[in-house]
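The values are calculated or read from the model by the stated rules, or taken from the named source; none is laboratory data. Owing to the predicted nature of the structure, the values given are computational and were not obtained by experimental measurement. Cβ atoms come from the backbone with ideal geometry, glycine included; neighbour counts cover every protein chain shown.
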Amino acid sequence: MREQTIENQPLALVAESNNSLRRLISTILRHQGFSVVEARTAEEAGELFTDSPDPIGLLLADYDIAENAGGLKLALQLQKRFSGLHALLFGTFAPSETELVLIRQSGMDFLSLPFSFGRLSQTLERMRAKIVPGGLLTLKLEVPRPLEPSGSRC
């Protein structure tokens, strides 16, 4: 599923085979200020990254999307091709100690399912701050210069 990106909204891709969970995560991302694309498989996620006209800054992937740590393999492959990609992996089964070290060394995060809305929101806010300087609460305000009274000279 493709949606129009909005200026200053980072683009995130959710790769999850479970429709309900994928939609829930996508809804939370939108509330956190992301534009979202969705993939049901690792292959579809790879195609969306390659074909996207806008850079995807965040990947959220089911650790076991294609069995045998498919989400981790997907994230590592995409990080090699797209520098600056941030990734959050999630799953019901924790990665092995070796894989967890690799996840951390690659700048990724891992959340165990089930996770709370608050925990996911905090993690997304922290990751969004890495993608968009200043994070969620940054507002760019242009303050108009005061008008000079007519007839005054400098």
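If the condition is being part of a loop (DSSP other than H, G, I, E, B) and within 15 Å of Met127 (Cβ to Cβ), then region 20-54 contributes Gln32, Gly33, Phe34. Scanning region 108-154 for residues that are of a type outside the set (Asp, Glu), at pLDDT 80 or above and not in a helix (DSSP H, G or I) returns Met108, Phe110, Leu111, Ser112, Leu113, Pro114, Phe115, Ser116. Would you point out the residue of region 54-70, among those that are modelled with pLDDT of 90 or more and out of contact with any His (no Cβ under 9 Å at 6 or more places or on another chain), that is farthest from Arg22 (Cα to Cα)? Of everything passing the filter in region 54-70, Ile56 is farthest from Arg22 (Cα to Cα). Any idea which residue in region 83-115 is nearest to Gly57 (Cα to Cα), counting only those that are surrounded by 15 or more Cβ atoms within 10 Å (Cβ to Cβ) and charged (D, E, K, R)? Restricting to residues being surrounded by 15 or more Cβ atoms within 10 Å (Cβ to Cβ) and charged (D, E, K, R), the top hit is Asp109.
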